[in-house]
Amino acid sequence: MAAPKRAPGFSRVQLESFRGAGVDDLIADPLRLLFVGINPGLWTAAVNTHFARPGNRFWPALHLAGITPREFTAGRGLSDADRQLLLDAGIGITNLVPIATARADELTPAQVRAGVGPLTELVSRTRPKVVAVLGITAYREAFGDRSVTAGRQPRRLAGAELWVLPNPSGLNAHETVQSLADAYQQAARAAGVLPESAGPAD
């Protein structure tokens, strides 16, 4: 079995030193679309940038969807210019659980459920139009809705439209960059980040 890929310049021991660390939220003002990850990975914590691990499809999917003008390279952290582009577009990123682990399945159900309160408070304070939770399994655990399917939900969260979208992790083999881009583009249209007339991601 091939050894797992590591961040260039990070040893496994160095990455493990970020277990339990946090990552700063990215919050635009005004905020239109808030992406909600499950929790930071070790690499993400190491560079203090969401979805930073190479192999994660978040940034390629955002570009393919037309949400960003180019594909951001987050493995060493986003540049100030790239962060500003996201903020100017009204995009935010946070996590259900703020502590870093090597894999999301290391979290306990109680930890995932406990993230709903702080997320609700954040949404109430920042007032995005759309909240997009990235991970159907995590959403089911957090919100106690075992029958949920992907897409716009009938319920709202602190006044915001609530969407459940696929997790971009490379471990989510059911999805491709194209399918992720299609899903993220729908939420971006609903949030006003993209025009309603935008065609499918291509």
Check whether at least one residue in segment 177-190 is of a type in the set (G, A, S), in a loop (DSSP other than H, G, I, E, B) and out of contact with any strand residue (DSSP E or B) (no Cβ under 7 Å at 6 or more places or on another chain), and report yes or no. no
Which residues, taken from segment 72-131, are under 29 Å from E16 (Cβ atoms) and among the polar types (S, T, N, Q)? T73, S79, T94, N95, T101, T108, Q111
Can you pull out the residues in segment 6-52 that are part of a loop (DSSP other than H, G, I, E, B), crowded, with 18+ Cβ neighbours inside 10 Å and not aliphatic (A, V, I, L, M)? F18, R32, N39, P40, T49, H50, F51
Taking A173, is it hydrophobic (A, V, I, L, M, F, W, C), loosely packed, with under 15 Cβ neighbours inside 10 Å and in a helix (DSSP H, G or I)? no
Could you list, in sequence order, all residues of segment 59-84 that are assigned to a loop (DSSP other than H, G, I, E, B) and not polar (S, T, N, Q)? A65, G66, I67, P69, R70, E71, F72, A74, G75, R76, G77, L78
What number of residues within segment 53-83 satisfy the criterion of being small (G, A, S), within 27 Å of L157 (Cβ to Cβ) and surrounded by fewer than 21 Cβ atoms within 10 Å (Cβ to Cβ)? 1
Enumeration of residues in segment 149-168 that are crowded, with 18+ Cβ neighbours inside 10 Å and more than 16 Å from N39 (Cβ to Cβ): Q153, L157, A160, E161, L162, W163, V164, L165, P166
Considering every residue within segment 131-147, establish whether at least one is more than 23 Å from L26 (Cα to Cα), modelled with pLDDT under 95 and touching a Lys or Arg at 6+ places or on another chain (Cβ under 6 Å). yes
Inside segment 94-148, the number of residues satisfying the requirement of being surrounded by fewer than 17 Cβ atoms within 10 Å (Cβ to Cβ), small (G, A, S) and assigned to a loop (DSSP other than H, G, I, E, B) is 3
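The values are calculated or read from the model by the stated rules, or taken from the named source; none is laboratory data. Bear in mind that the values here come from a model prediction, so they are computed numbers and not experimental data. Cβ sites come from the backbone with ideal geometry, for glycine too, and all protein chains shown count toward neighbours.
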